[in-house]
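Okay, so here's the structure we're looking at.
The values are calculated or read from the model by the stated rules, or taken from the named source; none is laboratory data. Since the model is a prediction, treat every value here as computed from it, not as a measurement. Ideal geometry is used to build each Cβ from the backbone, glycine not excepted, and the neighbour counts take in all protein chains shown.
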Amino acid sequence: MTTQIFYASTLYGAVTLAAALDSGCFPPAGRRLLVVAATGAVPETAVAPDRAPGFARLRDRFDAVRSWNDAVAPFHPGGWSPRPDDVPLWERYLRLLWGLGEDEPVELIVESLQVAPALSIAQVFADAPLDVYADGLMSYGPTRVRLDPLVGERVRRVLHLDLVPGLRPLLLAEFGAVPEVVPSEAFTKVVAELAEEADGAAGLPEGAALLLGQYLSALGILTPAEEEALHLRMVRGAVARGHRRLVFKPHPAAPAARSRALSREAAALGAELTVLEAPVLAEVLFRRLRPALVVACFSTALFTADRFYGVPVARVGTGPLLDRLAPYQNSNRVPVTLADALLPGLEEAPAPGPGGVPDLAGLLAAVGYAMQPQVRPDLRPEAERYLSAHRDARTLRYFKRRRLTVLGLPGGLPAPRNAAVRRAARRVVRRTRRLKRALLRA
């Protein structure tokens, strides 16, 4: 019978897979194999999902667990992909290593197909049908690269949590992949299993304000100093709202010194801040601590807290990030846009009437087209319609005037009518780009 190979690089992803299995999203199979990977900058020091607290409660859903890091060592799991001529050798090697047999049918269920290791696994098993499961808000955005049709055409479904009700993911839709919702009840049930063994949450104050760090400096989005300032804004904003007990959940790779700065700031404001040391899933904390407020920048956890646990949430810092994200195609743009458009600001007064932006689906289509016009040219009519109907400052903040101008979309600068002027403008743009590249190389 067919072997289903599941791939996960995070505990959140493993929980999503467990929820999908529990709710019958996958047909029966001869074997179910979970392949895990630690993809941090230094994989040897990163925590793979199978070593994360609570994973033992998920283990029985799979017949075996295998390490991708071990399979491709000494290569970095996030930077290695097979050369085309070596694909048959790698498939034979992995079939032998994982006991799959020479011609046993295989199905793949992977995350983030646009990058390794998921893409590498799909390339090795070149004939296997594919399902992709969403690892957060990025699934609502377009595919970040133009995938090889030999990979993209094999994708059947995009499984995702219903983080934004009624909104359909753009991910892999260019290949006809069908979005399918993983039931929320199944997800929260799996989280409840993990919460029973979450020793790292013991002793934390219930009903506190929970602050979530994202370590954006590691992605090059903010400098370390700017990220620390963002976290300090979280502390000040939560205290200004009347919270005197705070819990800070840092990113696992963040330096401890930043957490100490937050503790000093909280003490100066008359509040007590506890730093969570253990790598506990944010959703486990929502269940165990029942926080009075969850604060983050654009974390997916803001949406799970609001949608699945009914916890009040607040965003901070999304406005500057919309300007700072570069290039415009940065895959974090859609999560930042959704957080900014749908969630209340920590430092903003509550707005009267219904929140959010009008026509969210239209906004997503317009942003998706502006990000990837070559991958999703079919979204252009919807982008033109949306930008023609919504030209106020609230909606145009999600677009850059230069990007709209280059794409010839409503809201961009009018193109010069004189052909000579247009040619001169193009020369200036090309020279500017060459100069930027030269400066970067220097």
Hey, could you check the range 175-206 for residues that are assigned to a loop (DSSP other than H, G, I, E, B) and out of contact with any Ser or Thr (no Cβ under 9 Å at 6 or more places or on another chain) and say which is surrounded by the fewest Cβ atoms within 10 Å (Cβ to Cβ)?
Ala202
Note on the range 85-101: residues part of a helix (DSSP H, G or I) and either under 30 Å from Val191 (Cβ atoms) or at pLDDT below 95 (or both) are Trp98
Would a scan of the range 132-141 turn up a residue that is of a type in the set (Asp, Glu) and either in the same structural domain as Ala365 (by TED's automatic domain parsing) or modelled with pLDDT under 95 (or both)?
yes
Considering only the range 125-139, how many residues are surrounded by fewer than 24 Cβ atoms within 10 Å (Cβ to Cβ) and farther than 18 Å from Leu108 by Cβ?
2
Hits in the range 6-18 - residues which are surrounded by fewer than 24 Cβ atoms within 10 Å (Cβ to Cβ) and either among the small types (Gly, Ala, Ser) or without any contact (Cβ under 8 Å) to a residue 24 or more places away in the chain (or both):
Gly13
I'd like to check something: does the range 58-78 contain any residue that is within 19 Å of Gly200 (Cβ to Cβ), modelled with pLDDT of 95 or more and crowded, with 17+ Cβ neighbours inside 10 Å?
yes
Report the residue count in the range 31-57 for those that are under 21 Å from the mean Cα position of the chain (by Cα), of a type in the set (Val, Ile, Thr) and either assigned to a helix (DSSP H, G or I) or modelled with pLDDT under 95 (or both).
3
Condition test on Thr188, is it of a type in the set (S, T, N, Q) and free of Cβ contacts under 8 Å to residues at least 12 places away in the same chain?
no
Within the range 115-174, track down each residue that is in a helix (DSSP H, G or I) and without any contact (Cβ under 8 Å) to a residue 60 or more places away in the chain.
Leu119, Ser120, Ala122, Gln123, Val124, Ser139, Pro149, Leu150, Val151, Gly152
Confirm whether Thr337 is buried (at least 20 other Cβ atoms within 10 Å of the Cβ), touching a residue at least 60 places away in the same chain (Cβ under 8 Å), β-branched (Val, Ile, Thr) and closer than 18 Å to Ala209 by Cα.
no
If you take the residues of the range 196-229 that are modelled with pLDDT of 85 or more and of a type in the set (Ser, Thr, Tyr), which of them is nearest to the chain's Cα centre (by Cα)?
Ser217
From the options Val313, Val280, Val284, residue that is within 26 Å of Leu396 (Cα to Cα), crowded, with 20+ Cβ neighbours inside 10 Å and in the same structural domain as Leu232 (by TED's automatic domain parsing)
Val313
Looking at the range 32-53, which of its residues are charged (D, E, K, R) and either buried (at least 17 other Cβ atoms within 10 Å of the Cβ) or touching a residue at least 60 places away in the same chain (Cβ under 8 Å) (or both)?
Arg32, Asp50
Can you pull out every residue in the range 97-124 that is aliphatic (A, V, I, L, M) and crowded, with 20+ Cβ neighbours inside 10 Å?
Val106, Leu108, Ile109, Val110, Leu113, Ala116, Ala118, Ile121, Ala122, Val124
